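The values are calculated or read from the model by the stated rules, or taken from the named source; none is laboratory data. Since the structure is predicted, the reported quantities are computational estimates derived from the model, not experimental observations. Here the Cβ is made from the backbone with ideal geometry for all residues, glycine too, and neighbour counts use every protein chain on show.
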Amino acid sequence: MSTTLITGASLLGERSADVLVVDGVIREIGSIDTGAAQGAEVLDADGLVLLPAFVDLHTHLREPGREDAETIRTGSAAAAVGGYSAVFAMANTTPVTDTPEKAVEVWRRGQEVGLVDVMPVGSVTKALAGEEISELGLMARSQARVRVFSDDGRCVHDSQLMRRALEYVTAFDGVISQHSQDPALAGPAACCHEGELSGRLGLPGWPDAAEEAIVARDVMLAKATGGRVHVAHVSTPGSLEVIRWAKAKGLPVTAEVTPHHLALTTDLLEGYDTVYKVNPPLRPSEYAEELRAALADGTIDVVATDHAPHVSHDKEHAFADAAFGMLGLETALGVVSELMVQSGRMSWADVARVMSTRPAEIARLEGHGRPIEVGEPGNLVLVDPSRSLTVDRSASLSRSRNNPWHGRTFTGAVRATLLRGRVTARDGVLA
Ligand code: DOR
């Protein structure tokens, strides 16, 4: 029998209580006598906030195929120290996760590592080629119970194929997470936000309409099919307008924003530093402000990291040739705390909603993102709202170092993460 006792925590930042987790399940909440919890691991949570552990709808773990950049073990470790109990591993591995066998292998490997539940995302199309639909139903019925499907890294741009895929996933209540970017509008060389700066830097840009046209089309396909569309890494005000319209109509459309699109802006590209090269690109500061407002008002449902590890030799190129993506799992809470909570825009209960409850609901993931109540699984995170930490890329548990937050200080830090009652990480290291 394993027992963990958390003493004096502020549940969702709202009321103070002790929490006893026995064999992975919350057994008691209230004033608990330490002496009565014999043999328990005791976590002193005085001054700390207890939340349901985070669920990341958008993680790149690179295994199989690019284990030099990340593995299921190193990515799981980064997730655990970041406060996560579950991550959705994107399908753009080598080979692509497009069959039940491959999905089950990712899931099984995650269970073997045992730091977070690694839930495979199935690709929408075979080999991400955008031509033939993957084995969606078989992946859904497999042991990995795939519910989230995405060609992330690429847009499902064929409208008829997207329509068929949406019809298909309604059979098992799946969701399609779309990388909204019309390739015809963007062009293969696009690598930053299209605007005054892209012209000055001589870098081909993406127009906002490349994202917005696909978001609008997919909203209409959700309306036509009843299939659930999730807008991955939303980045423009025009997309937010469309999502607001869809929600006002009651359509099955949800959206995520990344910590980097909330905080980092296109002017960082002035120095051509490839750590800031990401897809969709960093946007102007007024866009980031609109994204923060949309997260606070519920237009955007969740924060998802788009954790995208890359080895240095894939980043150390001319800007146009470098890989897209940045790390995110270990720093997400710090960014959200600093920008959204310390600024007074959101409460800790709101953080629980956008980083845990809603992501689990969207993915139909059981056992995570649950209320802190007796009988619920002990998937929990303890946050110190007043601890300030300076990000040091060399201290990361990720295998890669493409960390855009290096040297920045955030107030609000993960102190401990619990997976089914077992402490997986404490203060930035594995337990
Ligand atoms: O920046 C990104 N990196 N955006 C994506 O859509 C894919 C990701 C990756 O796999 O590196």
| note | Filtering segment 119-135 down to residues that are crowded, with 24+ Cβ neighbours inside 10 Å, away from the ligand (no atom under 16 Å from the Cβ) and of a type in the set (A, V, I, L, M) yields 119
| Subset of segment 194-242 [assigned to a loop (DSSP other than H, G, I, E, B), touching a Phe, Trp or Tyr at 6+ places or on another chain (Cβ under 7 Å) and more than 16 Å from the ligand (Cβ to nearest atom)] | 194
| task | Might you check whether a residue that is at pLDDT 95 or above, touching a strand residue (DSSP E or B) at 6+ places or on another chain (Cβ under 8 Å), in a strand (DSSP E or B) and among the β-branched types (Val, Ile, Thr) occurs anywhere in segment 386-408? | result | yes
| note | Those residues of segment 175-189 which are under 24 Å from the mean Cα position of the chain (by Cα) and either in a loop (DSSP other than H, G, I, E, B) or hydroxyl-bearing (Ser, Thr, Tyr) (or both) amount to 177, 179, 180, 181, 182
| task | Evaluate segment 343-365: report whether one residue or more is within 25 Å of residue 247 (Cα to Cα), acidic (Asp, Glu) and outside any loop (DSSP other than H, G, I, E, B). | result | yes
| request: Could you list, in sequence order, all residues of segment 271-316 that are more than 14 Å from the ligand (Cβ to nearest atom) and not in a helix (DSSP H, G or I)? | output: 272, 273, 284, 298, 299, 300, 301, 302, 303, 316
| message | So in segment 21-49, with the set limited to residues that are assigned to a strand (DSSP E or B) and in contact with a helix residue (DSSP H, G or I) (Cβ under 9 Å, 6 or more places away or on another chain), which one is modelled with the lowest pLDDT? | response | 42
| remark: By residue number, the members of segment 220-250 that are surrounded by fewer than 22 Cβ atoms within 10 Å (Cβ to Cβ), over 15 Å from residue 167 (Cβ atoms) and not charged (D, E, K, R) are 237, 238, 245, 248, 250
| query | Among all residue pairs at least 6 apart or on different chains, which show Cβ distances below 7 Å where the first residue, located in segment 386-405, is under 14 Å from residue 69 (Cβ atoms) and the second is modelled with pLDDT of 95 or more and hydroxyl-bearing (Ser, Thr, Tyr)? | reply | 397/74; 398/74; 399/71; 399/74; 401/312; 403/396
| field | Residue check for residue 253: within 16 Å of the ligand (Cβ to nearest atom), touching a helix residue (DSSP H, G or I) at 6+ places or on another chain (Cβ under 8 Å) and aliphatic (A, V, I, L, M) | value | no
